[in-house]
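A quick write-up on the structure given underneath.
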Protein chains: 2
Amino acid sequence: MRSPVREIFRKVDLSAICSFAGGYPAAVTFPVDDLHRLPGLVLDKYGTKALQYGATQGVPELREAIAARYGVPVSRVQITTSSQQGIDVCTRILCDPGDVILTTEPTYLGALQSFKAYRADVRPLAGALPPNDPRGSRPISPRDKPSDPVSAGPSDDGLNSVQDRNPAVKFIYVIPDFNNPSGETMTLEQRKEIVALARELDVVIVEDSPYRELRYSGEEVPTIYSLAPERTLHLGSFSKIFAPGFRLGWIIGPEELLEQIYICKQALDLCPPVFDQYMATEFLTSGALDANLVKTKAEYRRRRDLMVSLLEKYMPEGVTWTYPEGGLFLFLTLPEGVDAIDMYDEALSKGVAYVAGSFFFLDGSHRNTMRLNFSFIAEEKMEPGLKLLGEIIAGVIRK
Amino acid sequence: MRSPVREIFRKVDLSAICSFAGGYPAAVTFPVDDLHRLPGLVLDKYGTKALQYGATQGVPELREAIAARYGVPVSRVQITTSSQQGIDVCTRILCDPGDVILTTEPTYLGALQSFKAYRADVRPLAGALPPNDPRGSRPISPRDKPSDPVSAGPSDDGLNSVQDRNPAVKFIYVIPDFNNPSGETMTLEQRKEIVALARELDVVIVEDSPYRELRYSGEEVPTIYSLAPERTLHLGSFSKIFAPGFRLGWIIGPEELLEQIYICKQALDLCPPVFDQYMATEFLTSGALDANLVKTKAEYRRRRDLMVSLLEKYMPEGVTWTYPEGGLFLFLTLPEGVDAIDMYDEALSKGVAYVAGSFFFLDGSHRNTMRLNFSFIAEEKMEPGLKLLGEIIAGVIRK
C-alpha cells in the first residue's frame, strides 16, 4: 500500500502552491544553532564510541535521559530508528497474518501501511460516532452547525460488541494526543475505556504519541501508559521536538515486550543511529530541547490560531472543523455530498493541496472530510490558500 | 532468534579480554578529522533540508553519488537505514511465510535472523564441499593439511538437484566477497553458477556485499549484479567505509523491485537518516572517502597478515584456516571432534573470545569451526590472544 500523502510529494512540486497536505514540522523550529555546536561536542565527549555500532536497545545515555524525562525505569526504554519503526516493530512482535488490530478512526496512514504489510486484519474500534457526540476534543464550528462525525475515541457501541466480533485481537492502536489526522485529543474517560477494553480482551495497547510534547492550550491528559503500564507500548518521537532528519524515536513499555522488540530490532537494523543518538542526548540533557520547545510551541500556537481565524473568515456555511489543542493538524468536514477526493484535481490545478480525509478511514468513507496541516506551509500562504480552498468548496456546494 | 554474537556483547565486558568475537571495524579507521568538518559543511550547504524528512528512496545527492561510483542509473539506487535493513526489506518484499530462501553456508547471522522473522524456510544452497575443493579463495594451512569443508560457493551436487527439492524458492542469498564468517570470496565461475541457477529457477539473487571495498590482495571479481542486473539486488554498506554509527547502506537493483522496496520502506521508517546521508554524500563526493579507504585497507591488510603469521606460529597441528583477500574475518577449522562451543567457556574464563562457527550453519553443524575477527581487537592483544587460543585448542586435542 502506497501512502497517498507521500505520493503527493512524489509527483507535485508543492513549493509552487499553497499546500496543507504534508505533516512536516516547520524548518524554523529546528535548533540550527545548537546543531552547529552539538556534533563537535559529541565527538569530544564520546569519541569514536559515537561512530561505532551501538547497543540494540539504544545508547545507555539516551535511554537514561528519556527514562528521567518521563519518570520510567531505564529498563523500560527502547530507542527506535524513528517512531514509524516503533509502529512497525510492535506490529511485528504482536501480529501474525490474519490477526486483528483494532484502531480508532480516522487514524495514521503510516500505521495502516505497517499493519497491512504484516497482513493484519485491521478493524475500526468504533463505527462513526453520532453527530454532536460530546466526547473528545470538541469539534467546533463558528456557525454552530452539527459537528463532524469524527472522534479520536471509541463509541459505546464499539466497546460493547467488540470482543465478540474480534476473537483474535492482538492489540489496540490509538493516537490519544492531537491525533493525526483529526487533531483531536482523547479525554481521560475515553482513555480509561480503552484500558478497560484492553484488559477485558487481555491485549496490548500501542499508544502512538509523536505529538504529545506539542500542546498549545488546554490541560494535559494522562497517557494511556500511565493508566496501564503493564500492557501499553508508548511510542515517542524526536521528529517534532528535535528534527525529523534524525530518525529517532522511543518505546516505553513492559520489559517482557521490550525483550521481544530487542530481538526483532537486531534483524531490522542492528541498532539506532549512534551519532544522532548522542546528539539527541546532549540536546535533551543540556536543557536545549526544552528551550527550543518553548519557541516551537509558540510558533505552532500562533499558526493554529491563524488557521482557525482564517477558516472562520473563508469557509462557506456547512463546513466544520476540529479545534486541536496541539499537534500539527486539523480536520475539516464539508457538507454531505461534497467529495474531497473528486475536488482534489481542481484544487491542485488552482494552487491548493490537502489530504482527503477518507484515506484515514479503513473503508475509505468520510469522503467529505480533509486534513489540513498548519505547521509546514509558509505562513504568508495560509490566507490565500484557505481563501482559495473556501471558494472551491463553495463552488462545489453551489453545483 | 537472538544473535549469539550480540549476546556475547551483552553479557561480557570484552575490553578485559582478547576478543576475536565481534565484527566491528577498527575505530582508528573512522574519519574523525573529516567528521569535525562535515556537519558544519552540511548545515551551510544544505540548510534545514538536511534536518527535515527526506525522500523514502534516499536524498537525491547521495543516490547520485552511489550511482556514479558504481556505474549504475540513479533510478536503480535505494538508500537504506543500514545494509541490515537492506536484507530485511528484500526478505519482506520477496518472501511469504514458508517460502524457501537458498543460502550458501556458512552465512551471515543477521540475515538468518531476518529470514526467520519472516518465517522463511531457509535451506543450504549446497551441502558441505569435499575436502580440498579447489574453488573459492583457497583455504590454506601452513602444514598442508586437508582444508576445511567450508566454501563461499555451491557444490555441483547442490546445483543439480536444488530445483527439484525447492519448488517455492523465492531468492538466493549470497555474500560473494569476503564472506562473513568465512572470509572467502567466490570465484567468477561460482558466481556464474549462482546466476545460472537463479535464471533456471527464475528467482532473485540477494548479493550481500558490505565488505567489497575492503580488498587487501588478489584480483577483484565482478559482482553478481554485473552478471545478472535483471535479477540481482546488490546490498552495499557505509559501515565499513565511513562509520557504522551512521546507519547507512544502499541497494542497487531492478527498478520494479526497488519500487516494491520503496513502498515497503515507507512503512519501515519513512526515510533513511537525512543529516547522515548528506554527511555521507560530502564524504564520498569530496574524495575523502577514497583517501580514508586507502588508510583503512592498509590497516586491515597489516592486521590480516599479522593474524595469519600468528596462527602459523601458535596453532597446533591439525588446525586450518581460510586466507581472506579482504573483509574482517577468517575462519578456523579444528581437528574433527574438537568442539568450539564446548570449549567456549574455558576460553572466555582464560581470557579469549571467538564466535563458534556452527552458529553460521543452518543445522548447527561444523562444531569444530570458529570465526576470528581481525579488525576490532587491539593489535597488541592479537599475539597473547592467539597464543592462548592455540594452547586451549592443543589442550583439548590432547584429551
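Before moving on, here are some points about what is shown:
- Efficiency of FRET from Cβ geometry, residue B:220 and residue A:306, R₀ 51 Å, rounded to 0.05: 0.25
- Taking label positions 7 Å along the Cα-Cβ direction at both residue B:16 and residue B:394, the computed distance is 2.7 nm, reported to one decimal.
- Under a 5 Å amide H cut-off, with hydrogens placed 1.01 Å from N, residue A:205 pairs with A:172, A:232, A:233 among residues at least 5 apart or on other chains.
- Chain B comes nearest to the axis taking it onto chain A at the Cβ of one residue; that residue and its distance, in whole Å, are B:39, 2.
- Percentage relative contact order, chain A, counting C-alpha pairs under 8 Å, at least six apart: 25 percent
- Between copies, the label points at residue A:119 (set 7 angstrom from Cα along Cα-to-Cβ) are spaced 0.7 nm, reported in nanometres from shortest to longest.
- Annotation: the residues B:301, B:231, A:398, sorted from fewest to most other C-beta atoms within 10 Å of their own C-beta, follow the order A:398, B:301, B:231.
- Share antiparallel - DSSP beta bridges, chain B, percent rounded to 5: 55 percent
- Here the extension length gained between residue A:188 and residue A:230 equals 13.3 nm, from 0.36 nm per residue of separation less the Cα-Cα distance.
- Taking a ≥ b ≥ c as the square roots of the eigenvalues of the Cα gyration tensor, an a/c ratio of 1.5 or more together with a/b no larger than b/c marks region B:344-399 as oblate.
- Taking other residues whose beta carbon is less than 13 angstrom from the beta carbon of residue A:381, and scoring Lys, Arg as +1 and Asp, Glu as -1, yields -1.
- Entry note, the protein assembly as shown: the mean residue ellipticity at 222 nm calculated from DSSP H runs of n ≥ 4, each adding -39500 (n - 2.57), is -13000 deg cm²/dmol after division by the residues and rounding to the nearest 500.
- Comparing B:373, B:179, B:292 in a Gaussian network model of chain B, where Cα atoms under 10 Å apart are tied by springs, the biggest mean-square fluctuation is seen for B:292.
- Kirkwood-type radius of chain B, with distances r between different C-alpha atoms, in Å: 21.6 Å
- Averaged over peptide A:237-250, the number of partner chain Cβ atoms lying within 10 Å of each residue's Cβ comes to 4.
- Plainly put, the tip 7 Å out from Cα toward Cβ on residue B:73 is 5.6 nm from that tip on each other copy, the closest given first.
- Which listed pairs, of B:49/B:297; A:116/B:170; A:265/B:45, have C-alpha distances above 23 Å, in listed order: B:49/B:297; A:265/B:45
- Volume of the convex hull of region A:32-91 (Cα atoms only), normalised per residue: 116 Å³.
- Take the Cα of residue B:41, step 7 Å toward its Cβ, do the same at residue B:383, and the gap between the two points is 3.9 nm.
- Shape index of region B:194-302: Rg/Rh, with Rg the Cα radius of gyration and Rh the Kirkwood radius from the inverse mean 1/r over Cα pairs, equals 1.01.
- Burial ordering of A:118, A:323, fewest other beta-carbon atoms within 10 Å first: A:323, A:118
- Efficiency of FRET from Cβ geometry, residue B:27 and residue A:27, R₀ 41 Å, rounded to 0.05: 0.75
- For region B:314-369, applying the loop criterion from DSSP together with a ceiling of 13 other beta carbons within 10 Å to the GluC sites (Glu not before Pro) yields B:317, B:336.
- Within the listed set A:223, A:48, A:56, the residue fluctuating most in the Gaussian network model of chain A (springs between alpha-carbon atoms under 10 angstrom) is A:48.
- Cα-only Debye scattering, the protein assembly as shown: base-10 log of I(q)/I(0) at q = 0.06, 0.11 Å⁻¹: -0.40, -1.21
- Each copy carries a label point for residue B:291 at 7 Å from Cα along the beta-carbon vector; from one copy to the others these points are 3.4 nm apart, nearest first.
- Residues A:195, A:338 arranged by fewest to most Cβ contacts within 10 Å: A:195, A:338
- Distance between modelled label sites at residue B:199 and residue B:336, nm, 7 Å Cα→Cβ extension: 4.0 nm
- Residue-span extension gain [residue B:259 to residue B:116] - 0.36 nm each, minus C-alpha spacing: 49.1 nm
Only the coordinates and a few stated rules stand behind these numbers; no lab work does. Keep in mind that this is a model prediction, so the values were computed, not measured. All Cβ positions, even for glycine, are placed from backbone atoms using ideal geometry, and neighbour counts span all protein chains on display.
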